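J.: I'd like to ask you about the structure that follows.
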Amino acid sequence: AMMNLEDFLPDSVIDETESNATDNVTTVAAAIVLSSQIITSNSGQNAANGTFTTNAELVFTTNPVERAFNPRCAFWNFGTTVAESGWSTDGVTTTETMYDEETQTFHVVCQSQHLTSFCVLVDVTGESDIPPLEARALEIVSYVGSSISMFFLLITIIFFLSFGKELFSSVHYFVHLNLSIALFLGYAAFVGGIETATNSEVGCVFVAALLQYLFVSVFCWMLCEGIMLYLLLVVVFSDAA
């Protein structure tokens, strides 16, 4: 069964205080955000069914969170279907956020025009837990390995180009050449564009699209290699038998 709001909060944290400037009454609710629970009411109604004449103030203290930022209040908007349901910030305004580095918790204050199922959403960064020394070693291995591959691929490309007109008279040479070129360009895009991708959103999209295209090209040429080997080995020996 859904618990009521008063089941989550002690009696002393919900009170009404009058503003000195006006006669408006502000409702203050303080609570701790739990990992598997949210502040909710048992009405089961959408926020559109009714709003307050004065905003309710919600005060949250989150659980310890590492590498998180941009905390914001939201509520669960019940739609007519599952696809239409989801977290929404309509009628909810995040007015104050404060991060305590010692406890790694957020203190969040929000204003709401309604009472429903509330929570605090935070963005979590994608930082890795790999130690700096290991991360540096991995970076060096990636760059050195890619550079060595590019060097030998370049030699392979020059070797096939040295055949001249014979290159286009042989399907095998042509497929090998295009596979080598696609691999070389893929490695070059990775080595040359990885820093751009981390420092620019536009650059990230461009490098990601380029890498996707180049390595799909690699897989297509590998498929051609496989078909060619099948025709050379399986079909030929089957006919001979």
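J.: Could you pull out the residue among Glu195, Glu166 that is within 23 Å of Val144 (Cβ to Cβ), out of contact with any strand residue (DSSP E or B) (no Cβ under 9 Å at 6 or more places or on another chain) and either touching a residue at least 60 places away in the same chain (Cβ under 8 Å) or open to solvent by 90 Å² or more (accessible area, probe 1.4 Å) (or both)?
T.: Values: Glu166 fails: within 23 Å of Val144 (Cβ to Cβ).
Of the residues listed, the single one that is within 23 Å of Val144 (Cβ to Cβ), out of contact with any strand residue (DSSP E or B) (no Cβ under 9 Å at 6 or more places or on another chain) and either touching a residue at least 60 places away in the same chain (Cβ under 8 Å) or open to solvent by 90 Å² or more (accessible area, probe 1.4 Å) (or both) is Glu195.
J.: Among the residues in the stretch 216-237, are any polar (S, T, N, Q) and farther than 22 Å from Phe159 by Cβ?
T.: Kept after step one, since they are polar (S, T, N, Q), are these residues of the stretch 216-237: 217.
Keeping just the survivors that are farther than 22 Å from Phe159 by Cβ gives none.
No.
J.: For a quick check of your reading: which strands (runs of 3 or more DSSP E) sit entirely within the stretch 53-117 and have at least 2 residues that are at pLDDT below 75 and under 24 Å from the mean Cα position of the chain (by Cα)? Break it down stepwise before answering.
T.: Details: elements: 56-61, 68-77, 86-88, 92-100, 105-112.
Per the criteria, 68-77.
J.: Looking at Leu115, Leu138, Leu121, which one is farther than 21 Å from Met222 by Cα, surrounded by 11 or more Cβ atoms within 10 Å (Cβ to Cβ) and in contact with a Lys or Arg (Cβ under 6 Å, 6 or more places away or on another chain)?
T.: Values: Leu115 fails: in contact with a Lys or Arg (Cβ under 6 Å, 6 or more places away or on another chain); Leu138 fails: in contact with a Lys or Arg (Cβ under 6 Å, 6 or more places away or on another chain).
The match here is Leu121.
J.: Just to be sure, is Phe190 more than 30 Å from Arg72 (Cβ to Cβ), among the aromatic types (Phe, Trp, Tyr) and open to solvent by 100 Å² or more (accessible area, probe 1.4 Å)? Let's see the steps before the verdict.
T.: Working: more than 30 Å from Arg72 (Cβ to Cβ): yes; among the aromatic types (Phe, Trp, Tyr): yes; open to solvent by 100 Å² or more (accessible area, probe 1.4 Å): no.
Taking the combined requirement at face value, the residue does not satisfy it.
The values are calculated or read from the model by the stated rules, or taken from the named source; none is laboratory data. Since we're looking at a predicted model, the values are computed, not measured. As a convention, Cβ positions derive from the backbone with ideal geometry for all residues, glycine included, and neighbour counts pool all protein chains shown. These accessible areas exclude ligands, DNA and RNA; they are computed on the full protein's heavy atoms, side chains included. Shrake-Rupley method; radii C 1.70, N 1.55, O 1.52, S 1.80 Å.
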